[in-house]
Amino acid sequence: MIDLNDLNLQQKRLAIFFLFDKEGIIDDYVITFLKALKSISREIFVVTNNKLTLEASKELGRLVNKVFSTNKSEFDLSDYRTAFAFIGWDKIKNFDEIILCNSTIFGPIGSFFPMFSVMSKRASDYWGIYFDLNKYEFSNNSDKKIQSLSSCFIQTPFIVFRKKILLSPHLKQFLDTLSKFKIDRNVKTSFDSLLIHFFSQHGYKWDSLLNDNISSNGTNIFLENPKKAIQLGCPLLSLKSFTREYRDYLERSSAEAPIEVINYLSKDLHFNLNELYKYLVRTQHMIDLVRYLNLNFIIDSNSSTRATQKLSVALVAHLYYGDLLEESLHYLSQLPDYCDIYITVSRALDLEKVKKIFSTLPNSITYLDIENRGRDVSALLVAAREYIKKYDLVCFYHDKKVNQVKPASIGRSFAYFINESTLHSKAYVDSVISKFEKDEFLGMLSPMPPIHASYFGIGNGWTFNFENTLFLAKELDLKVPMDPSKVPVAPLGTVFWFRPVAFLDLLTKNWHYEDFPLEPNKNDGTILHAIERIYPFCVQNQGYYAGYVQPDFLASMRLNQLSYFNMEYTDAARNLGIFYCYPEETFERIRDVGSILSHFNLLPKARIPSFGLKIALKIYLNKKWSFLFQETANKFSERERNVGLRDSFFFWLMRIIGKAFR
């Protein structure tokens, strides 16, 4: 049996680690990675693209031999050459191997020794984690050339060069070549593909850890099937598995890879993922974390996971409507006896009547008189603020009545959905509390946004509130990513569970009733609506994530709704001639249609499907360019249902004009 430690001593390795972070922060997973890297390396050099914080610099100084910065906002190909020049070519030739790696990988899962043991038995001049042939044939023989630079590459987040290359002039030549690609911005290639192209032309042999275990079928196993990669002996996890665009996953899979590898590592291997969670919470959009970490919690409505009562729990209820008191009593009666209750009572209600109704509850109840200004938001942030700080977990509830939509059943369904998702039953509430007990990163759980009736058009959840929410985030000094194209994981309807410690940024602000608008209030776009959406960002700023929660029967109802909407949208897109088998391509075509119609004022607000592309285009073309396009328009009318826009002239026209007007 090979002694892995002896194996390490036989090799004199230099590791060059490239660190990318916009804030100049060293995450815990980086420190863990470098410690493991130190066990197989004689020296470690760190190249960073940004100035590090003082604390980060001290931390690195205890682990590595040298740290230097490129002082660039982004990493580019020339930084490889800069790193080697800084170290010195004479020194580089003294090493047996050089490891190039970067902060886009997480690990090791276990240690690096098994991987290096496997690769020590293979004859190669350089190797990496995974070689992607895609659908092209390739050979190590120098007389054969790669058929496409962009389709053949070796994964370079972790790559090892051996002695033969270090002693040759070709490594320096290759790094000098990279600067040309930095200058020519029209060259769409990468370090990965350039590397294998260059060294294969000079007769060097490549290899990869996973190359012998899988057949290339167009799937990047390191990125798209990380569980399988780990099972095959790869000790590293690509962070891009959790940071790539969600639509990219859905073009190639059901996006199961992230949660599949999370479950495998945590449940099967009992691997601690706290450092991964900390990094993702700090850097990623919350909605992406919900999707990749599967933070949609569906709870069995017929049984419970018993809470241990190790968390102190309270509920704050804001009551305004007298005709909803019995309904509120029903939901508050689902709380465990040890949960304290704080009830803020509108002056429109008879306080004594309220006390009599809720006197049947076994819980400790405190009644708080409030001003009729700021609605449920001021009830939480002004009246109850000092009370809730002492608790580990708080549920916020208010009696909800939606008066601005007709018929009233639309608003009642919204209220039913959020109330049932929050306080469905005693067993359900017990299971929700248990979720917080077991998950130290869980900071907030709220119902999913409504999608029925007029709420279907709520879009990405911001409506008219991104700018005012962003302003509030700056006022609270939140350091988290915010994007108007990313859905806020917000408790729309303002009924939810949260950890007060995760609301620190919001609760330390000295809110007053005067901070909120007088009644009558607007239906949207106020500070109240900004606060409603700022909650998950406050949670994230304190190092927690937010998620959605609902009982199983509501999840089933929502699946029925989504299935119906998917079918209707597919049929509508097909009837317009813009349906394509891949969803993102179909969405792109719909956006192009909307851009054209909106630009020429041919689109009634929020009614794209009812107007029709053919009519809109014919109106405009007949009016503007009838002499040029009349014949094509007639052919389009005959062909659109048979071949679709992709094969017609008007698809080309739509894409060009649509992109110009967006």
- Within the stretch 546-558, track down each residue that is polar (S, T, N, Q) and either open to solvent by less than 40 Å² (accessible area, probe 1.4 Å) or not in a helix (DSSP H, G or I) (or both). GLN550
- Task: Report, by residue number, each residue of the stretch 395-450 that is closer than 16 Å to MET557 by Cβ and touching a Lys or Arg at 6+ places or on another chain (Cβ under 6 Å).
- Result: ALA415
- Query: Identify, please: which residue in the stretch 510-545 is in contact with a strand residue (DSSP E or B) (Cβ under 9 Å, 6 or more places away or on another chain) and outside any helix (DSSP H, G or I) and is, among those, least open to solvent (accessible area, probe 1.4 Å)?
  - Reply: TYR545
- Note on the structure: Exception for PHE20 within (1) at pLDDT below 85; (2) open to solvent by 60 Å² or more (accessible area, probe 1.4 Å); (3) among the aromatic types (Phe, Trp, Tyr) falls at (1)
- At least 1 residues that are modelled with pLDDT of 90 or more and closer than 17 Å to SER328 by Cα in each: list the helices (runs of 4 or more DSSP H) lying fully within the stretch 371-476 that qualify. 375-378, 408-423, 426-438
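Got a sec? Which of ARG244, ARG282 is within 17 Å of the chain's Cα centre (by Cα) and under 29 Å from VAL118 (Cβ atoms)?
On the way: ARG282 fails: under 29 Å from VAL118 (Cβ atoms).
Only one candidate passes the filter, namely ARG244.
Okay, residues lined up against (1) at pLDDT 95 or above; (2) small (Gly, Ala, Ser); (3) open to solvent by 50 Å² or more (accessible area, probe 1.4 Å):
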| position | (1), (2), (3) |
| --- | --- |
| ALA36 | yes, yes, no |
| LEU60 | no, no, no |
| LYS66 | no, no, yes |
| SER69 | no, yes, no |
| LYS72 | no, no, yes |
| ASP76 | no, no, no |
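Is it the case that the stretch 285-298 has a residue that's within 25 Å of TYR548 (Cβ to Cβ), in contact with a Ser or Thr (Cβ under 6 Å, 6 or more places away or on another chain), of a type outside the set (Val, Ile, Thr) and open to solvent by 10 Å² or more (accessible area, probe 1.4 Å)? I'd like the intermediate steps shown before the answer.
Taking the stretch 285-298 and keeping what is within 25 Å of TYR548 (Cβ to Cβ), we get 285-298.
Adding the requirement that they be in contact with a Ser or Thr (Cβ under 6 Å, 6 or more places away or on another chain) leaves none.
Checked the stretch 285-298: no residue is within 25 Å of TYR548 (Cβ to Cβ), in contact with a Ser or Thr (Cβ under 6 Å, 6 or more places away or on another chain), of a type outside the set (Val, Ile, Thr) and open to solvent by 10 Å² or more (accessible area, probe 1.4 Å).
What do you reckon, is PHE45 crowded, with 17+ Cβ neighbours inside 10 Å, aromatic (Phe, Trp, Tyr) and closer than 25 Å to ASP96 by Cβ?
On the way: crowded, with 17+ Cβ neighbours inside 10 Å: yes; aromatic (Phe, Trp, Tyr): yes; closer than 25 Å to ASP96 by Cβ: yes.
Yes.
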- Note on the structure: Being out of contact with any helix residue (DSSP H, G or I) (no Cβ under 6 Å at 6 or more places or on another chain) and either modelled with pLDDT of 95 or more or aromatic (Phe, Trp, Tyr) (or both) narrows LEU504, LEU559, LEU492 down to just LEU504
- Query: Out of all the residues in the stretch 41-49, is one or more at pLDDT below 85 and not hydroxyl-bearing (Ser, Thr, Tyr)?
  - Reply: yes
- Message: For the stretch 176-202, which positions are in contact with an Asp or Glu (Cβ under 9 Å, 6 or more places away or on another chain) and either assigned to a loop (DSSP other than H, G, I, E, B) or modelled with pLDDT of 80 or more (or both)?
- Response: PHE199
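Do you know which residues across the stretch 483-503 are part of a loop (DSSP other than H, G, I, E, B) and over 29 Å from ARG244 (Cβ atoms)?
Step one: of the stretch 483-503, the residues part of a loop (DSSP other than H, G, I, E, B) are 483-495, 499.
Correct list: GLY493, THR494, VAL495, ARG499.
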- Restricting attention to the stretch 79-110, report how many residues are small (Gly, Ala, Ser) and open to solvent by 60 Å² or more (accessible area, probe 1.4 Å). 2
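Each row is one residue, and each column tells you yes or no for (1) open to solvent by less than 30 Å² (accessible area, probe 1.4 Å); (2) in contact with a Phe, Trp or Tyr (Cβ under 7 Å, 6 or more places away or on another chain); (3) among the acidic types (Asp, Glu).
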{"site": "GLU437", "(1), (2), (3)": "yes, no, yes"}
{"site": "PRO450", "(1), (2), (3)": "yes, yes, no"}
{"site": "ASN460", "(1), (2), (3)": "no, no, no"}
{"site": "PHE471", "(1), (2), (3)": "no, no, no"}
{"site": "PRO484", "(1), (2), (3)": "no, yes, no"}
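Looking only at the stretch 420-430, which residues are open to solvent by 10 Å² or more (accessible area, probe 1.4 Å) and farther than 30 Å from PHE565 by Cα?
So the first thing to find is which residues in the stretch 420-430 are open to solvent by 10 Å² or more (accessible area, probe 1.4 Å), and the list is 420, 424-427, 430.
Residues satisfying the conditions are LYS426, ALA427, ASP430.
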- Message: Within the stretch 66-86, does at least one residue satisfy the condition of being more than 29 Å from the chain's Cα centre (by Cα), in a loop (DSSP other than H, G, I, E, B) and not β-branched (Val, Ile, Thr)?
- Response: no
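Any idea how many residues of the stretch 304-332 are in contact with a Ser or Thr (Cβ under 8 Å, 6 or more places away or on another chain) and in contact (Cβ under 8 Å) with a residue 60 or more places away in the chain? Full working, then the answer.
Pass one, the stretch 304-332, residues in contact with a Ser or Thr (Cβ under 8 Å, 6 or more places away or on another chain): 304-308, 316-320, 329, 331.
Right, trim to in contact (Cβ under 8 Å) with a residue 60 or more places away in the chain and you get 304-308, 316-320, 331.
The number of residues fulfilling the criteria is 11.
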- Taking the stretch 339-348 as the region of interest, how many residues are in contact with a strand residue (DSSP E or B) (Cβ under 7 Å, 6 or more places away or on another chain) and surrounded by fewer than 13 Cβ atoms within 10 Å (Cβ to Cβ)? 0
- When ILE31 is evaluated against the numbered criteria (1) open to solvent by less than 90 Å² (accessible area, probe 1.4 Å); (2) among the aliphatic types (A, V, I, L, M); (3) over 26 Å from the mean Cα position of the chain (by Cα), which criterion, by number, is the only one it fails? (3)
- Task: Output the residues belonging to the stretch 216-229 that are part of a loop (DSSP other than H, G, I, E, B) and either charged (D, E, K, R) or at pLDDT 90 or above (or both).
- Result: ASN225
- Residues (under 30 Å from the mean Cα position of the chain (by Cα) and touching a residue at least 60 places away in the same chain (Cβ under 8 Å)) located in the stretch 399-423: PHE414, ALA415, PHE417, ILE418, ASN419, GLU420, SER421, THR422, LEU423
- Task: Could you run through the stretch 379-418 and say how many residues are closer than 30 Å to LYS509 by Cα and open to solvent by 10 Å² or more (accessible area, probe 1.4 Å)?
- Result: 13
- Query: Does at least one position in the stretch 349-367 carry a residue that is in a helix (DSSP H, G or I), touching a residue at least 24 places away in the same chain (Cβ under 8 Å), touching a His at 6+ places or on another chain (Cβ under 9 Å) and open to solvent by less than 10 Å² (accessible area, probe 1.4 Å)?
  - Reply: no
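The values are calculated or read from the model by the stated rules, or taken from the named source; none is laboratory data. Quantities reported herein were computed from a predicted structural model and do not represent experimental measurements. Cβ: placed from backbone, ideal geometry, glycine included. Neighbour counts: every protein chain shown. All accessible areas refer to the heavy atoms of the entire protein, side chains included, with ligands and DNA or RNA removed. Shrake-Rupley method; radii C 1.70, N 1.55, O 1.52, S 1.80 Å.
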